[in-house]
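A.B. asks: Starting off with a structure, shown below.
The values are calculated or read from the model by the stated rules, or taken from the named source; none is laboratory data. These numbers come from a predicted model, not from an experiment. Every residue, glycine among them, receives a Cβ derived from its backbone with ideal geometry; neighbour counts consider all protein chains shown. Just so you know, the surface numbers come from the protein's heavy atoms only, side chains and all, with ligands and any DNA or RNA stripped out. Shrake-Rupley method; radii C 1.70, N 1.55, O 1.52, S 1.80 Å.
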Amino acid sequence: MKYWNPYLETLPGESLTHIELSYFRKILSYAKRHSKLYQDKLKGIEPEDIQTLQDLKKIPLTDKEELRRYQEMEPFPYGGTLGNDIEKVTTFRQTSGTTGKPVYVPETYESWQWRIEAWCHILYMAGFRPHHRVFLPFVYNVYVAFWEGHYASEKVGCELIPGGGLDTKGRIHKILEIKANAMMNTPTYGLHIAEEAKAMGIDPASLGIERMLCAGEPMPSATRKRLEELYRCHVFDHIGGTEPCAWAGMCEEKDGLHLIEPFFLVEILDRETVQKEVKEGEIGVVVVTPLGRRSFPLIRFNTKDLVIKGGSSCSCGRTSQKIKEVVGRADDLRKIRGVLFSPKTVEELIRHQFQEVIEYEIVVERKGIMDEITLRTELDSQIGKDEVESLKSRLKESLKVKTNLSFQVKVEPQGSLPRYMLKAKRFKDLREGGK
Ligand SMILES: [Zn+2]
């Protein structure tokens, strides 16, 4: 079977929109009755006011800051964001808190099942099937993605191996011992496992992984292809967040990401005003409404994820809207010496053209009145001393072409830069206010 849900995945676009608007009115009505946040926020707005996609603009966006503020109220710890009686909550999750105090997310049994069903679409679209033995190389905790991956994998019928409680070497041995043939990962940890395997004298391609589903960080196509080369496997991307759930995933065509419709109503709005839907091929901010989750209603949640809007046709036959590319987080875009800079550009360059660079970090500092940007690198131990200088100058030159900025390039000793498993922090803006 090609689709997880053949009916929904091949519905004409206008039918999907129709269903989504109808679900939107329902969740709006529910949120107004059950969530303190939306009782306050949606005064004067009635479900019937929303008949077309244009009508959505009548409703203000919701952001993380508001969720935090409403969580100061009772009942602890979800406060005014809770969408049902607290006794119905069966699971606690939270955001990573990288941008401030974490947001606590309640799930009831029902909302959790809805969330897993949406995730099954992502997994199935990436070709995960019952014959896959899936290795999940993380310690599970309060973060949601592991659990989603775990339960969706079970629901799809795969055999899941929880890979927590082991170090990277232990995980590599376990993959070989149990003959795992699929994996869920972050791009960074995928690269790290490959690096560690090589150090153990094992070719990552010989681990036998056929498919890998990644998330957690924006993955440039050069990084995806690098992982595919290293493991000689198919690598897929997907995107989501703790608050809105995972809302888009890559199909086997690997040409952009499909929105998971009609589970989510996704808007891609212009960056300046966050009001107008952008056109295909343009960059916009993603605003998501999960349409079937009541424990934690979210209406028009501003994810601050930047993406390039795609079209709606795909040779896989799915009819959902697509995004062409994930650009990164709006918070990661910075002005350096007046130039708009995205750290993803550097990652793309390194993974594509400079595979000698094993790990890196970008540091921006203010020296006097000037911003200085440095790329700290760790190189492959095979690189001879005489090659280092020419590599540094090639790096400087390419960085200048790609970013319009002059970088200092430093080579650091082996193992001195931090390694990450989850959200990699390779960009450090040490200027006051980080602007
Ligand atoms: Zn497709």
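A.B. asks: Could you go through segment 160-178 and let me know if any residue there is open to solvent by less than 20 Å² (accessible area, probe 1.4 Å), touching a Ser or Thr at 6+ places or on another chain (Cβ under 9 Å) and either of a type outside the set (S, T, N, Q) or part of a helix (DSSP H, G or I) (or both).
C.D. replies: No, segment 160-178 contains no residue that is open to solvent by less than 20 Å² (accessible area, probe 1.4 Å), touching a Ser or Thr at 6+ places or on another chain (Cβ under 9 Å) and either of a type outside the set (S, T, N, Q) or part of a helix (DSSP H, G or I) (or both).
A.B. asks: Starting from segment 72-86, keep only residues that are closer than 19 Å to Leu42 by Cα, then list their pairs with residues that are in a helix (DSSP H, G or I) and of a type in the set (D, E, K, R) whose Cβ atoms are within a distance under 7 Å, requiring at least 6 positions of separation or different chains.
C.D. replies: Hits for this filter: Met73/Lys36; Gly80/Lys36.
A.B. asks: On to the next question. Evaluate segment 424-433: report whether one residue or more is over 24 Å from the mean Cα position of the chain (by Cα) and either surrounded by 12 or more Cβ atoms within 10 Å (Cβ to Cβ) or closer than 26 Å to Leu230 by Cα (or both).
C.D. replies: Residues of segment 424-433 over 24 Å from the mean Cα position of the chain (by Cα): 430-433.
The next check asks that each one be either surrounded by 12 or more Cβ atoms within 10 Å (Cβ to Cβ) or closer than 26 Å to Leu230 by Cα (or both); those that pass are 431.
The answer is yes, given that some residue of segment 424-433 is over 24 Å from the mean Cα position of the chain (by Cα) and either surrounded by 12 or more Cβ atoms within 10 Å (Cβ to Cβ) or closer than 26 Å to Leu230 by Cα (or both).
A.B. asks: Oh, and also: Those residues that are of a type in the set (Lys, Arg) and either under 26 Å from the mean Cα position of the chain (by Cα) or part of a loop (DSSP other than H, G, I, E, B) (or both), I need them from segment 365-380; list them, please.
C.D. replies: Result: Arg376, single match.
A.B. asks: State all residues of segment 162-200 that are more than 19 Å from Gly415 (Cα to Cα) and under 22 Å from the mean Cα position of the chain (by Cα); if no residue qualifies, say none.
C.D. replies: Pro162, Gly163, Gly164, Ala182, Met183, Met184, Asn185, Thr186
A.B. asks: Scan Lys309, Lys322 and give me the residue that is open to solvent by 30 Å² or more (accessible area, probe 1.4 Å), under 17 Å from Leu257 (Cβ atoms), more than 14 Å from the chain's Cα centre (by Cα) and within 16 Å of the ligand (Cβ to nearest atom).
C.D. replies: Details: Lys322 fails: open to solvent by 30 Å² or more (accessible area, probe 1.4 Å).
Exactly one residue qualifies, and that residue is Lys309.
A.B. asks: Give the residue, chosen from Glu261, Glu280, Glu272, that is within 16 Å of the ligand (Cβ to nearest atom), part of a loop (DSSP other than H, G, I, E, B) and surrounded by fewer than 17 Cβ atoms within 10 Å (Cβ to Cβ).
C.D. replies: Numbers: Glu261 fails: surrounded by fewer than 17 Cβ atoms within 10 Å (Cβ to Cβ); Glu272 fails: within 16 Å of the ligand (Cβ to nearest atom).
Unique residue meeting the criteria: Glu280.
A.B. asks: Right, something else. Name the residue, out of Thr108, Thr95, Thr99, Thr81, that is loosely packed, with under 15 Cβ neighbours inside 10 Å and out of contact with any Gly (no Cβ under 6 Å at 6 or more places or on another chain). Before the answer, list the steps.
C.D. replies: On the way: Thr108 fails: loosely packed, with under 15 Cβ neighbours inside 10 Å; Thr95 fails: loosely packed, with under 15 Cβ neighbours inside 10 Å; Thr81 fails: loosely packed, with under 15 Cβ neighbours inside 10 Å.
That would be Thr99, the only listed residue that is loosely packed, with under 15 Cβ neighbours inside 10 Å and out of contact with any Gly (no Cβ under 6 Å at 6 or more places or on another chain).
A.B. asks: Another question, if that's okay. Could you tell me whether any residue of segment 320-331 is within 30 Å of Leu56 (Cα to Cα), modelled with pLDDT of 95 or more and of a type in the set (A, V, I, L, M, F, W, C)?
C.D. replies: Looking through segment 320-331, at least one residue is within 30 Å of Leu56 (Cα to Cα), modelled with pLDDT of 95 or more and of a type in the set (A, V, I, L, M, F, W, C).
A.B. asks: Being open to solvent by 50 Å² or more (accessible area, probe 1.4 Å) and either at positive phi or touching a residue at least 60 places away in the same chain (Cβ under 8 Å) (or both) is the filter here; which residues of segment 359-390 pass it?
C.D. replies: Residues satisfying the conditions are Glu365, Arg366, Gly368.
A.B. asks: Looking only at segment 391-435, count how many residues are closer than 24 Å to Ile336 by Cα, of a type in the set (A, V, I, L, M, F, W, C) and either free of Cβ contacts under 8 Å to residues at least 12 places away in the same chain or not in a helix (DSSP H, G or I) (or both).
C.D. replies: Of the residues in segment 391-435, 9 are closer than 24 Å to Ile336 by Cα, of a type in the set (A, V, I, L, M, F, W, C) and either free of Cβ contacts under 8 Å to residues at least 12 places away in the same chain or not in a helix (DSSP H, G or I) (or both).
A.B. asks: Yes or no: Ala222 of a type outside the set (S, T, N, Q), out of contact with any Cys (no Cβ under 9 Å at 6 or more places or on another chain) and under 24 Å from Lys322 (Cβ atoms)?
C.D. replies: Values: of a type outside the set (S, T, N, Q): yes; out of contact with any Cys (no Cβ under 9 Å at 6 or more places or on another chain): yes; under 24 Å from Lys322 (Cβ atoms): yes.
Answer is yes for this residue.
A.B. asks: What are the pairs with Cβ atoms under 7 angstrom where one residue, in segment 163-183, is within 19 Å of Arg232 (Cβ to Cβ) and the other, located anywhere, is open to solvent by less than 70 Å² (accessible area, probe 1.4 Å) and acidic (Asp, Glu)? Sequence gap at least six, or different chains.
C.D. replies: Between residues of segment 163-183 that are within 19 Å of Arg232 (Cβ to Cβ) and residues that are open to solvent by less than 70 Å² (accessible area, probe 1.4 Å) and acidic (Asp, Glu), the close pairs are Ile172/Glu196.
A.B. asks: Here's a follow-up. Being in contact (Cβ under 8 Å) with a residue 12 or more places away in the chain, open to solvent by 10 Å² or more (accessible area, probe 1.4 Å), under 23 Å from Ile260 (Cβ atoms) and away from the ligand (no atom under 16 Å from the Cβ) is true for just one of Leu67, Leu136, Leu61, Leu56. Which residue is that?
C.D. replies: Working: Leu67 fails: open to solvent by 10 Å² or more (accessible area, probe 1.4 Å); Leu136 fails: open to solvent by 10 Å² or more (accessible area, probe 1.4 Å); Leu56 fails: open to solvent by 10 Å² or more (accessible area, probe 1.4 Å).
Unique residue meeting the criteria: Leu61.
A.B. asks: Condition first: away from the ligand (no atom under 16 Å from the Cβ), more than 30 Å from Gly79 (Cα to Cα), surrounded by 21 or more Cβ atoms within 10 Å (Cβ to Cβ) and of a type outside the set (S, T, N, Q). Can you find one or more residues in segment 284-295 that meet it?
C.D. replies: Within segment 284-295 (the criterion being away from the ligand (no atom under 16 Å from the Cβ), more than 30 Å from Gly79 (Cα to Cα), surrounded by 21 or more Cβ atoms within 10 Å (Cβ to Cβ) and of a type outside the set (S, T, N, Q)), the answer is yes, since at least one residue qualifies.
A.B. asks: Can I ask one more? I'm told Cys316 meets every condition in (1) more than 16 Å from the ligand (Cβ to nearest atom); (2) in contact (Cβ under 8 Å) with a residue 24 or more places away in the chain except one. Can you identify the failing condition by its number?
C.D. replies: Result: Cys316 fails condition (1) only.
A.B. asks: Tell me which residues, restricted to segment 27-48, are surrounded by 14 or more Cβ atoms within 10 Å (Cβ to Cβ) and outside any loop (DSSP other than H, G, I, E, B).
C.D. replies: Ile27, Leu28, Ser29, Tyr30, Ala31, Lys32, His34, Lys36, Leu37, Tyr38, Lys41, Pro47, listed by residue number.
A.B. asks: Does Leu123 qualify as being touching a Ser or Thr at 6+ places or on another chain (Cβ under 9 Å), over 25 Å from Pro106 (Cα atoms) and part of a helix (DSSP H, G or I)?
C.D. replies: no
A.B. asks: Taking interchain pairs and intrachain pairs at least six residues apart, which have beta carbon atoms under 6 angstrom, with the first residue in segment 321-335 and farther than 19 Å from Thr99 by Cα and the second open to solvent by 60 Å² or more (accessible area, probe 1.4 Å) and within 16 Å of the ligand (Cβ to nearest atom)?
C.D. replies: Listed by first residue and then by second, the contacts come to nothing, as the list is empty.
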